[in-house]
Amino acid sequence: MNRHVVATIEEVPPGQHKKVTVKGRDIALFNLNGTYYALGDRCPHESGSLAAGKVVGLAESDQPGKYRMSRPGEFVKCPWHGWEFDIRTGQSWCDPKTVRVRMYEAAVAKGEDLTKGPYVADTYKVTVDEQYVVIEF
């Protein structure tokens with residue numbers, strides 16, 4: 001699996017989200033209290049941009065006329081028709097058994113870790129012979 005750098009942590013502070021593109025694929029990147037989640041940016045209903053949607057909580061009710069909000073900032077609402085998706089799982093709240101948005105792995109990595117790898121530089125013996133620099137192969 002290839003890793004792609006899409007943003008700095010300063011670009012997506014807690015409670016915010018951003019649209020990013022990886023290999024031509026639009027992805028909505030969300031920061032929920034320091035944990036990053038990435039969803040495909042297309043609502044499965046009619047392809048509205050989830051990155052353009054509003055982040056909301058979950059409205060719950062035990063009886064008619066009595067509502068409470070829970071899980072603040074954990075759902076994204078499609079701007080076109082209001083379909084809601086759990087940012088942590090991609091699961092649709094309108095049709096949870098059959099509809100979900102594709103999830104992508106998102107993680108924070110230090111810049112120094114991104115450049116590490118099995119890289120080995122070729123080294124050569126260097127000497128000075130009178131006024132000339134000589135490199136030996």
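Of note:
- Within the stretch 52-89, considering residues that are surrounded by fewer than 19 Cβ atoms within 10 Å (Cβ to Cβ) and of a type in the set (Phe, Trp, Tyr), the one farthest from residue 15 (Cα to Cα): 67
- Unique residue being of a type in the set (Ser, Thr, Tyr) and buried (at least 18 other Cβ atoms within 10 Å of the Cβ) when the list is 92, 49: 92
- Selection count where residues are closer than 20 Å to residue 82 by Cα and without any contact (Cβ under 8 Å) to a residue 24 or more places away in the chain, scope the stretch 9-46: 2
- Of all residues in the stretch 23-44, those satisfying the criterion of being modelled with pLDDT of 90 or more and either over 15 Å from residue 90 (Cβ atoms) or not in a strand (DSSP E or B) (or both) are 24, 31, 33, 34, 41, 43, 44.
The values are calculated or read from the model by the stated rules, or taken from the named source; none is laboratory data. None of the values given here were measured: they were computed from a predicted structure. Note that we place each Cβ from the backbone using ideal geometry, even for glycine, and neighbour counts take in every protein chain shown.
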